[in-house]
Amino acid sequence: MERPENPPLQILAVYGTRPEAIKMAPVIAALRRRPEAFAVAVCATGQHREMTDQVEELFGLRPDLDLGLMRPDQTLNGLAARALEALDGVLTARRPDWLLVQGDTTTAMTAALAAFHRGVRVGHVEAGLRTGDLARPFPEEANRRVIDLLAAALFAPTGRARAALLAEGSDPARVHVVGNTVIDALRCLAPGEAETAAAERPEVLVTVHRRESFGPPLRRIFVALRRLAVAFPAVHWVYPVHPNPNVRGPAREILAGLPNLELCAPLGYRELVRRLARCRFVLTDSGGLQEEAPTFGKPVLVLRETTERPEGVEAGVARLVGTDAERIFAESSRLLTDDDAWLGMARAVNPYGDGHAAGRIAAILAGEPWTPFLP
């Protein structure tokens, strides 16, 4: 049989954590809708087993390869070493034309490095986010810079991300402003999926898990949260606790026993979106929630000293409050008691994407015309 004149590009998409799976799902779907242009293989490293299983079911992801790299209490170096070796074997066997990774995880960084070693082109989804501080977020800031240095295609979500890449000397021909694929993911949910009945009482959604907050910063956040729950007994505080023992232990120690503070297991993405749609505001150190909340007009108080997503702060829908207990209490109290302050932030203005990022990425890989994202 004759080989087609233009055989489909062989694409290997790699993810390991739930946020990666959520943001890669629309890209994988867009590529798979075009079998004449792309042959897609999906590799999951198994870094967040239970949480990625939920996302895979929701978005219909079926990994072709599952490396099962997760180990209890694993170190970053241990994970990186196992991932680099395992992914080298995958690349040798599959010989893809492109390897696609998303974001700033150890999985993404090691996959990009393994591909670079094997001469495989890397496409980086969500390139160019920067705080300028290698310690915050740690190790994500360094991971993202390494990937951006190695990538042949830099899929920047915003104009600010593109500017950061160009300031570092990236070739403009490699940088493409496509929007953030998490907005695509929200739009991929079935009609009505994000709709929910109003809560019986005001709710605040809390997520805290960043590695650089382990220890005293995390305890300060929890002290503030306990004080808020006591001061506002009519408010339902919802905190899905990350399974990392560095988070789970202090959370149970400081926050247990409060009748209006719900410590629960990590929520499935469907339920997380429902809670997000009905809450009054969000207290988080998560990058993804900073991007998702503006879609629903929910103010975000960012529990970090810096953010690689300043667009929300500039748009007035997010505010950096750090890990100081007094400031967290004051800013949260303001959003609960001052309707004008809440309304000033509760605007459905999303500077991160328009729901068409995955289609742009597919067009770029196929060498077709496309229109950049403009917020």
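The values are calculated or read from the model by the stated rules, or taken from the named source; none is laboratory data. Here the structure is a predicted model, which is why all the values come from computation and not from measurement. Counting neighbours? That spans all protein chains shown, and the Cβs are built from the backbone with ideal geometry, glycine included. Each accessible area value is taken on the protein alone, full model and side chains, heavy atoms only, with ligands, DNA and RNA left out. Shrake-Rupley method; radii C 1.70, N 1.55, O 1.52, S 1.80 Å.
Brief remarks on what is shown
- Global geometry of segment 1-100, whether rounded, prolate or oblate, following the gyration tensor of its Cα atoms and the 1.5 cut on a/c: oblate
- Residue-normalised accessible area of segment 235-375, given per residue in Å² at a 1.4 Å probe: 38
- Degrees between helix 325-337 axis and first principal axis of the chain (Cα, 0 to 90, nearest 10): 80
- Within the shell defined by Cβ-Cβ distances under 12 Å, the residues around Ala37 carry a net charge of 0, with Lys and Arg each +1 and Asp and Glu each -1.
- Degrees, to the nearest 10: 140-150 long Cα axis against longest axis of the chain: 20
- Part-to-part distance (alpha-carbon centres) for segment 302-375 and segment 260-276, which is given in Å: 20
- On Cα atoms only, tilt of 357-366 relative to the major axis of the chain in degrees: 10
- Summed residue charge, Cβ within 9 Å of Ile254's Cβ, Lys/Arg positive, Asp/Glu negative: +2
- Cβ-placed point charges (K, R +1; D, E -1), dipole of segment 283-375 about Cα centre in debye, nearest 20: 160
- A run of the chain free of exposed loop cleavage sites, with GluC sites (Glu not before Pro) counted only in DSSP states other than H, G, I, E and B and at most 14 other beta carbons within 10 Å, reaches its longest extent at 201-375.
- Options (i) 32, 26, 23; (ii) 35, 22, 19; (iii) 34, 29, 19 - which one matches semi-axes √(5λ) of the Cα gyration tensor in Å as calculated here: (ii)
- Ordering of 131-139, 92-100, 72-80 by burial proxy (mean other Cβ atoms within 10 Å per residue, highest first): 92-100, 131-139, 72-80
- Rounded if a/c under 1.5, otherwise prolate or oblate - segment 170-271, Cα gyration tensor axes: oblate
- Take every pair of alpha-carbon atoms less than 8 Å apart whose residues are at least six positions apart; their mean separation over the length of the chain yields a relative contact order of 15 percent.
- Protection proxy ranking of 25-34, 150-159 - average other beta-carbon atoms within 10 Å, highest first: 150-159, 25-34
- Placing unit charges on the Cβ atoms of the charged side chains and taking the dipole of the chain about its Cα centre, the candidate lying farthest along the positive direction among Leu134, Leu76, Gln54 is Leu76.
- Taking a ≥ b ≥ c as the square roots of the eigenvalues of the Cα gyration tensor, an a/c ratio below 1.5 marks segment 69-194 as rounded.
- Farthest toward positive dipole pole in the chain [+1 Lys/Arg, -1 Asp/Glu at C-beta], among Ile254, Pro294, Tyr239: Ile254
- When a 1.4 Å probe is rolled over the protein heavy atoms, the share of accessible surface on the chain that falls to carbon and sulfur comes to 53 percent.
- This model, with +1 at the C-beta of Lys and Arg and -1 at the C-beta of Asp and Glu, gives the chain a dipole about its Cα centre of some 320 debye.
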